[in-house]
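Participant: Structure in structure tokens, see below.
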Amino acid sequence: MAEHQLHPDDRTLHGFFSRGYEPVLRIQSGDTILASTLDAGWGLEQIRPDRQRARHPKIADSDEHGHALIGPVWIEGAQPGMTLVVHIEEIVPGSFGYTFAGGWDHPVHTGLKLTEGESDVLVWTLDAQTMIGTNQHGHRLRLKPFLGVMGMPPPEEGLHPTAPPRIWGGNIDCRDLVAGTRLYLPIPVEGGLFSFGDGHAAQGQGEVSVTAIECPMERVRLRLEVLPDLKISTPRAWTPDGWLTLGFGATLEQATFTALDAMLTLMRELYGLPGRGQALGLATALVDLHITQIANPALGVHAFLPHDALMVDTQTSSS
């Protein structure tokens, strides 16, 4: 299997999802991508209070104001109806990050009465060796880096914003998708046209300030694999602790039902259950629901099933 390198530049950076974009790289299923990324806001340096920070010139020269994404990558053999597995092998954050809180019109800020005035900005120094972040007020915390955006474009023509997560991935913002996990996505278009970006150095479940610790990534290693025979309709992920299924919707209720419905399907696969009712009966004892994020135009909930939840042989494929 080959390893390919990508860097953020005029050729690889884009701020929409679109099946019309030419791929910047063509790979075989099982190949690995080694890349660095900009932060979501196209920044080239840390935020400073005394001046505007430098951002990549491509954002100033175009209407692309979504997340700064790398790609798209064409995976040979990928066809609609198949599944793409993103093996997240390594994620190393850059040296700086930032968090905004309040100061603009958003449902979270409105609900908390924080729309007026300037945003509070936490400016973070990130140490990838110790995995500790420190802000200008001396607050220190452990880093748990992941990519907020990993996904493929909708099958419809045109430019599609990066902000909402979709069933083909995108702005999922799930804090559990760290190194050592696998993300499973239904493939919407030929070749997949996979893109990624939006580094987060740390984030709680919910992304409650509408931003995480936004950061560039010094190094990201992703292995992309096509599974022709696995048919899924919504994203799921394998982690060392358990499986999770992801749901998105205009409301948390809609997102919850999507995530739970997908979990019932997964439990039937894992345990050989005869029906959804039995799966739901077990789920009420075994499955936890988490709010993935309340920051994006489509809200996110994920259902989590520990590997050892049911005391039976649940050996599953390592693919």
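What follows is calculated from the coordinates using simple rules that are stated; it is not laboratory data. This one's a predicted model, so the numbers in the text were calculated from it and none came from an experiment. Don't worry about glycine lacking a Cβ; one is built from the backbone with ideal geometry, like all the others, and counts go over all protein chains shown.
Participant: In nm, what is the difference between 0.36 nm times the number of residues separating Gln52 and Arg26 and their Cα-Cα distance?
Facilitator: Fully extending the segment from Gln52 to Arg26 adds 5.7 nm.
Participant: Taking the chain as a Gaussian network, Cα atoms linked when under 10 Å apart, which of Asp176, Asp50, Asp31 shows the biggest mean-square fluctuation?
Facilitator: Asp50
Participant: Please compute P(r) over all alpha-carbon pairs of the stretch 138-270, binned at 5 Å starting from zero, and give each bin as a whole-number percent.
Facilitator: Histogramming the stretch 138-270 at 5 Å steps yields 2, 9, 18, 23, 22, 15, 7, 2, 1, 0, 0 percent.
Participant: Spin-label point model (7 Å from Cα, Cβ direction): what's the Arg142 to Trp104 distance in nm?
Facilitator: 3.2
Participant: With a cut-off of 8 Å between alpha carbons and a minimum separation of six or more residues, what is the relative contact order of the chain in percent?
Facilitator: Result for the chain is 22 percent.
Participant: Ok, one more. Using only Cα atoms and rounding to the nearest 10 degrees, what angle (0 to 90) does helix 252-271 make with the longest principal axis of the chain?
Facilitator: The two axes meet at around 40 degrees.
Participant: Using Cα pairs closer than 8 Å and at least 6 residues apart in sequence, work out the relative contact order for the stretch 1-44, in percent.
Facilitator: Averaging sequence separation for qualifying contacts and normalising by length gives 60 percent for the stretch 1-44.
Participant: Using the Cα atoms as the points, what is the convex hull volume per residue of the chain in Å³?
Facilitator: Here the figure is 142 Å³ per residue.
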